[in-house]
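**Student:** Shown below is the structure under consideration.
The values are calculated or read from the model by the stated rules, or taken from the named source; none is laboratory data. This one's a predicted model, so the numbers in the text were calculated from it and none came from an experiment. Don't worry about glycine lacking a Cβ; one is built from the backbone with ideal geometry, like all the others, and counts go over all protein chains shown. We work out accessible area using only protein heavy atoms, side chains counted, and drop any ligands, DNA or RNA first. Shrake-Rupley method; radii C 1.70, N 1.55, O 1.52, S 1.80 Å.
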Amino acid sequence: MELANQNLADENHRQNRRLDILEENAKAQTTLALSVERLATNMENMLKEQKEQGKRLETLESRDGEMWRKVIGYIATAIVGIVVGFIFTHFGM
């Protein structure tokens, strides 16, 4: 009888240990799931910010391009004006 009680006590101890391990695993899985959820949220926010920065960068780059096109246009206009003025002056018009 004593042996049977000891066997039952040992089995209870093993079962309790298994339950403790299962509870720890469940807590770890919950923590992992929450971490993954936070990571996904952060990634979404980073993607939005990256898109906004891309738009701002594109705007800045296009400003420089527009400025250079204007400068080139003014230079070309000045050269054409000089050439036309030279031609008119040379032929006495």
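**Student:** Any chance the stretch 1-20 includes a residue that's outside any helix (DSSP H, G or I) and open to solvent by 80 Å² or more (accessible area, probe 1.4 Å)? Step through it out loud before you land on a result.
**Tutor:** Of all residues in the stretch 1-20, those outside any helix (DSSP H, G or I) come to 1.
Filter again for open to solvent by 80 Å² or more (accessible area, probe 1.4 Å), leaving 1.
Yes: one or more hits.
**Student:** Can we say Gly81 is open to solvent by less than 100 Å² (accessible area, probe 1.4 Å), without any contact (Cβ under 8 Å) to a residue 24 or more places away in the chain and outside any helix (DSSP H, G or I)?
**Tutor:** Values: open to solvent by less than 100 Å² (accessible area, probe 1.4 Å): yes; without any contact (Cβ under 8 Å) to a residue 24 or more places away in the chain: yes; outside any helix (DSSP H, G or I): no.
Against the criterion (open to solvent by less than 100 Å² (accessible area, probe 1.4 Å), without any contact (Cβ under 8 Å) to a residue 24 or more places away in the chain and outside any helix (DSSP H, G or I)), Gly81 does not qualify.
**Student:** Given Glu44, Glu61, which one is of a type outside the set (S, T, N, Q), modelled with pLDDT under 95 and assigned to a helix (DSSP H, G or I)?
**Tutor:** Numbers: Glu44 fails: modelled with pLDDT under 95.
Answer to the selection: Glu61.
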